[in-house]
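Working notes for the structure below.
The values are calculated or read from the model by the stated rules, or taken from the named source; none is laboratory data. All figures in this text were calculated on a predicted structure; none of them were measured in a lab. Here Cβ is always computed from backbone atoms with ideal geometry, including for glycine, and neighbour counts include all displayed protein chains. Ligands, DNA and RNA are excluded from the accessible area calculation, which covers all protein heavy atoms including side chains. Shrake-Rupley method; radii C 1.70, N 1.55, O 1.52, S 1.80 Å.
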Amino acid sequence: MISSPNSLRWACLTSAMVLVVGLGSCGSQTTTSSSPDASGSPATETTAKPAGGADISISGAGASFPAPLYQTWFSEYNKKFPNVKISYQSVGSGAGVKQFLAKTVDFGATDAPLKDEDRAKYPKELGVPVQIPMTGGAVVFAYNLEGAEGLKLSRESYCGIVDGSIKTWNDAKIAKDNSGVKLPADPITFIHRSDGSGTTFIFTTHIKAACPNWKAGSGKSVEWPTGVGAKGNEGVTAQVQQTKGSIGYTELSYAKENGLKMATLQNKAGTFIAPSTEASAKAFAGVELPKDFALSVPDPEAKDAYPINGLTWLLLYGQYPDQAKADAMKAFVKWALSDEGEKFAADLGYLPLPKEITTRVLAELDTIKVAAAK
Amino acid sequence: MVPSTNDSQSMNWHRSEASRWLDKGFIGVTGFFGIAVALVLLAIALRVSIDAFPAIQKFGLGFITTSRWNPVENLYGAWPQVYGTIVTSFIALLIAVPIGVGVALFLSEDFLSPRIQRPIVFLVELLAAIPSVVFGLWGIFVLIPLLTPIGKWFHETLGWIPLFNTVPVGPGIYVAGLVLSIMILPIIAAISRDALVAVPLELRQAAYGLGATRWETIFQVILPAAFSGIVGGVMLALGRAMGETMAVTMVIGNANVASPSILAQGSTVSSLLANQFAEASGLQISSLMYAALILFGLTLIVNILAELLVRSVRLKL
């Protein structure tokens, strides 16, 4: 007979053993999963098979701003071609670029074009990175001010709000353009993103170009001279809804979805333009496209263009290890930029790319090669 | 062990062999886990230090005293974050320690019948299981609208004190402190209660026997006897307050300033990490690592101070 204290000891020991074995197996798992990186090819979930109907799964990661559109695209595309499964993790542009350079994904996505230092880290055996714009969006000033519908902000006004020199809503600079609106003497609370984000990049790029007194530069996160920081688009939205007399910046699609009031802004030509995908698309019409597609229009010249816009890019490898994956990737991009795909963009508040850009993008796609079989 | 019959003599010998092997194995395995935990901590500290090295080299100790966080020009200093971490944790402890120890006293004495007492103890401990993001959302949608008018009143009547000299606009250091105090309350209450219950009954009876009132017994006998346990609970709570990320990020306002006013916005080391890590690169990452290392250091200092406090109290007893 085994007495009870002894059996307790057995139980403890066996559970401890199980733990040890469990830890051991965890360790070995991580080593096996990291080994494909060393071998020098992008993560391949399926082995090379001919394209004829075999299942193809593609994984990507990156920017969160276009994520709602990408998810819609991928699921619609999967309905059309059930053998192609594309997964996307919206981990942020920076993380997307990092994973793309580390070859742990099949494609990356970013709101800020690749920098030279990123290109230097690109794996040489995979040719040249292909950076193509997929869509873009407007960044709007969303505000919470009772009784003030259709607030108009001149360049002087919004520059002053952002740099903290305009402190109350009834400031003469704001009042000048809003004769019909009753502006209170309440303080203005400016709300900005506290986390690094592509939205901030687009917003500060414009502010830097449009405001002579702006000193903080532009980037995914900057040193804000004033205001309250909130995390994520949803954080800014919540803060604007919560705080009377607040104004913050978010993506147009976000403000639309949450029913926030959006300010009408004055563009470079001096016209006041209400935010919309059409007015945003006009910013990119007729602008010369650089060779790497890193097009940024910080302050559009067009008379009827909305002033704050940015593009977002997909990052593809110049060479894919298997034919099926390369073909599937190309086919998807062609579909997404066709009229059928762009319909989803407009529905969600993203701007459909002008034709002159999409033709260039489709030509660039053909440069993607398949690595010679080893 | 209960030896049943005399013919089990040989079996007993066999079992004792097996049981000796068991004992050795058990010591080995538990020892391994004990050392593994320490090694993991050391490995984390080492890794963070290595990654922080470029920032340490560039900014040196000035990192702690400067208050710039400029990813555009790659200039970093974490004074506002270090300050924010200390101030929010201090506010949290200031509120949570008296309440937590009070709750623990109330629930360890025989004021209530066990039938009511047990559910209350359970409910207090349940508070610790609420995810921090829920506390954050509650902070944004319930606490901030509730606190802003109170903050405004403080600003209007006591605005001449630097502590209240900014206009509250919603999120702020005081909101973060309050949310933290609620988050750490169950830790303090539960651990303090365990420490109080563990005080030997003889001590209490001896105090009563000497003619002490309940008041005197609690404050001169029971609390000092349970002191090291209570401090242990407070330290655990402080650790959580300093390391809390999500809830604080949601209610503190994330401004890069070290304002003397608790109504102003601020940030903590943890909230800085939560905000910036995902999109950071290069020197910004190593500066974030440096900030994390400082948080490590702060926690260590606080723990050493607590240990010294416990020792000095024990010497007096």
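Shown here for the stretch B:117-187: chymotrypsin sites (Phe, Trp or Tyr not before Pro) in loop regions (DSSP other than H, G, I, E, B) with at most 16 other Cβ atoms within 10 Å, namely B:W160. Shielding by partners for peptide B:63-74, expressed as the average number of C-beta atoms from other protein chains within 10 Å of each residue's C-beta, is 3. With only Cα atoms counted, the stretch A:138-309 has Rg and Dmax values of 15.1, 50 Å. For the options B:K152, B:K58, B:K24, a Gaussian network treatment of chain B with springs between C-alpha atoms closer than 10 Å singles out B:K24 as fluctuating the most.
Does the stretch B:28-86 come out rounded, prolate or oblate by the C-alpha gyration tensor, with a ≥ b ≥ c the root eigenvalues, rounded set by a/c under 1.5 and, if not, prolate when a/b is larger than b/c and oblate if not? Taking the square roots of the gyration eigenvalues as a ≥ b ≥ c, the stretch B:28-86 is prolate.
Would you mind classifying chain B by shape? Square roots of the alpha carbon gyration tensor eigenvalues, ordered a ≥ b ≥ c; an a/c under 1.5 is rounded, otherwise it is prolate if a/b is larger than b/c and oblate if not. Oblate shape, in that a/c is at least 1.5 and b/c is the bigger or equal ratio. Based on DSSP H segments of at least four residues, each scored -39500 (n - 2.57), the protein assembly as shown has a per-residue ellipticity at 222 nm of -17000 deg cm²/dmol. Partner shielding of A:234-242 amounts to 3, given as the average count of beta-carbon atoms from other chains within 10 Å of each residue beta-carbon. Residue by residue along B:271-277, Cβ atoms of other protein chains within 10 Å of the local Cβ number 4 on average. Run down the lysines and flag those whose C-alpha is under 17 Å from the C-alpha of A:K115, throwing out any fewer than 8 positions away in its chain. A:K115 reaches A:K98, A:K124, A:K220, A:K291. Residues whose amide H falls under 5 Å from that of A:I86, counting only those 5 or more places apart or on a different chain, are A:I58, with hydrogens built in the peptide plane. What the stretch A:233-372 shows is 39 Å² of accessible area per residue, with the surface traced by a 1.4 Å probe over protein heavy atoms.
Couplings for the stretch B:76-88, taken from phi via the Karplus curve 6.51 cos²θ - 1.76 cosθ + 1.60 with θ = phi - 60°, read 10, x, 10, 4, x, 6, 4, 4, x, 4, 5, 5, 5 Hz in order; Gly and Pro are left as x. Could you work out the local net charge near A:T277, counting Lys and Arg as +1, Asp and Glu as -1, over the other residues with Cβ closer than 11 Å to its Cβ? Once all neighbours under 11 Å are counted, the net charge is -1.
Across the accessible surface of chain B, with the other protein chains kept in place and a 1.4 Å probe, carbon and sulfur atoms take up 73 percent.
Entry note, the stretch B:1-158: relative contact order of 7 percent, from Cα contacts under 8 Å with a spacing of 6+ residues. Please figure out what share of the DSSP beta bridges in the protein assembly as shown is antiparallel and state it in percent, rounded to the nearest 5. Antiparallel bridges: around 55 percent, rounded to the nearest 5. In the stretch A:138-309, Cα pairs under 8 Å separated by at least six residues give a relative contact order of 31 percent. Couplings for the stretch B:63-72, taken from phi via the Karplus curve 6.51 cos²θ - 1.76 cosθ + 1.60 with θ = phi - 60°, read 4, 6, 9, 8, 10, 10, 9, 10, x, 5 Hz in order; Gly and Pro are left as x.
Remark: accessible area buried at the A-B interface is about 3100 Å², both chains counted, probe radius 1.4 Å. By the gyration tensor of its Cα atoms, with a ≥ b ≥ c the square roots of the eigenvalues, what is the shape of the protein assembly as shown: rounded for a/c under 1.5, prolate for a/b over b/c, or oblate? It is oblate, given that a/c is not under 1.5 and a/b is not larger than b/c. Checked against a 30 Å cut-off, the cross-linked pairs A:K121/A:K268; A:K208/A:K334; A:K208/A:K303; A:K208/B:K152; A:K231/A:K334 give Cα-Cα distances beyond that limit for A:K121/A:K268; A:K208/A:K334; A:K208/B:K152; A:K231/A:K334. Scalar couplings 3J(HN,Hα) for the stretch A:244-258, obtained by applying the Karplus form with A = 6.51, B = -1.76, C = 1.60 to θ = phi - 60°, are 6, x, 9, 8, x, 10, 9, 5, 4, 4, 5, 5, 4, 4, 9 Hz; x denotes Gly and Pro. Ligands, DNA and RNA are left out, and with a 1.4 angstrom probe the accessible area of the stretch B:175-255 is 39 Å² per residue.
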